[in-house]
Each structure stands twice: as C-alpha cells, then as structure tokens.
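The values are calculated or read from the model by the stated rules, or taken from the named source; none is laboratory data. Because the structure is a prediction, the values reported are computed rather than measured. Ideal geometry is used to build each Cβ from the backbone, glycine not excepted, and the neighbour counts take in all protein chains shown.
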C-alpha cells in the first residue's frame with residue numbers, strides 16, 4: 001500500500017540510522033538497485049521492531065564472513081506481503097459445493113504458510129484415499 005504494489009528498498013545506512021531512504025540518497029549511492037521500479041522508503045514502516053533488530057544482527061554477523069556487507073550502501077529490499085481476503089467455501093474435507101472439486105492451501109485462502117498448506121494437502125489426500133478404498137463409508 002505504501003509503494004503502489006512495488007517493492008520497497010532502503011539503504012542499510014539509512015536503516016541503521018532510523019531514517020527513510022529518499023530517491024536522492026538512493027541514486028547517489030554507489031550500488032544501483034537491481035529492481036529498477038523499487039520504491040525508496042523505510043522498512044520500519046512495514047516490519048515489526050523485533051524483525052528490524054534481527055535483520056541488523058544478521059547483517060552484522062554476515063559482515064564478519066563477507067566484510068563490506070554492512071556498508072551504508074548495501075540495499076535492503078522489502079518483503080512480499082500476502083493478504084488473505086478471499087476464502088473458498090468448503091466442507092470439512094475441503095470439497096467445494098461442486099462435487100469432486102477440492103480447494104486447498106493458500107490459493108483457497110485456507111492456510112497461512114507452507115506447513116499448514118502441507119498438512120492441508122495430507123489431510124485431503126487421506127480423505128480421498130479413504131473414499132477410493134472404502135466408497136461405502
């Protein structure tokens with residue numbers, strides 16, 4: 001919403017100083033953004049404080065392995081954010097109102113990540129197997 005559906009980018013130097021990366025700061029940087037339509041901004045507006053602290057800690061640790069990574073000019077790109085607004089109506093076996101049409105996982109608005117989506121798939125697969133193996137139940 002802050003960037004018009006584009007990726008946010010912030011200089012590490014601005015990140016650690018708690019300030020927004022502006023277009024002028026971004027383009028006088030020696031490192032040029034690889035995503036040409038990335039929008040300069042402030043990751044602090046979209047990430048929780050604890051995540052910001054963890055990112056800084058990770059970058060400083062990686063800088064010990066790859067010196068120079070924690071440079072003011074390093075670019076940090078924002079995260080993909082999913083919105084879960086659409087949800088397909090299903091029964092307790094994930095079958096829709098159309099017989100034999102099942103919807104599963106994030107695409108159906110049922111799960112919120114890989115682990116849940118995996119469990120969702122297993123649950124539905126077991127149901128379908130039981131239906132095929134024991135159709136009278």
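The set of residues in segment 102-127 being surrounded by fewer than 15 Cβ atoms within 10 Å (Cβ to Cβ) and over 28 Å from the mean Cα position of the chain (by Cα) consists of 126 alone. Applying the set (1) assigned to a helix (DSSP H, G or I); (2) in contact with a helix residue (DSSP H, G or I) (Cβ under 8 Å, 6 or more places away or on another chain); (3) more than 24 Å from residue 3 (Cβ to Cβ) to residue 70 leaves exactly one unmet item: (1). Of the helices (runs of 4 or more DSSP H) lying entirely inside segment 1-65, those containing at least 3 residues that are within 16 Å of the chain's Cα centre (by Cα) are 49-65.
So, in segment 1-24, exactly how many residues are more than 14 Å from residue 71 (Cα to Cα) and surrounded by 13 or more Cβ atoms within 10 Å (Cβ to Cβ)?
Adding up the residues that qualify gives 9.
Does residue 45 qualify as being out of contact with any helix residue (DSSP H, G or I) (no Cβ under 9 Å at 6 or more places or on another chain), assigned by TED's automatic domain parsing to the domain that holds residue 33, exposed (fewer than 15 other Cβ atoms within 10 Å of the Cβ) and at pLDDT below 90? Here the answer is yes, as residue 45 does meet what is asked.
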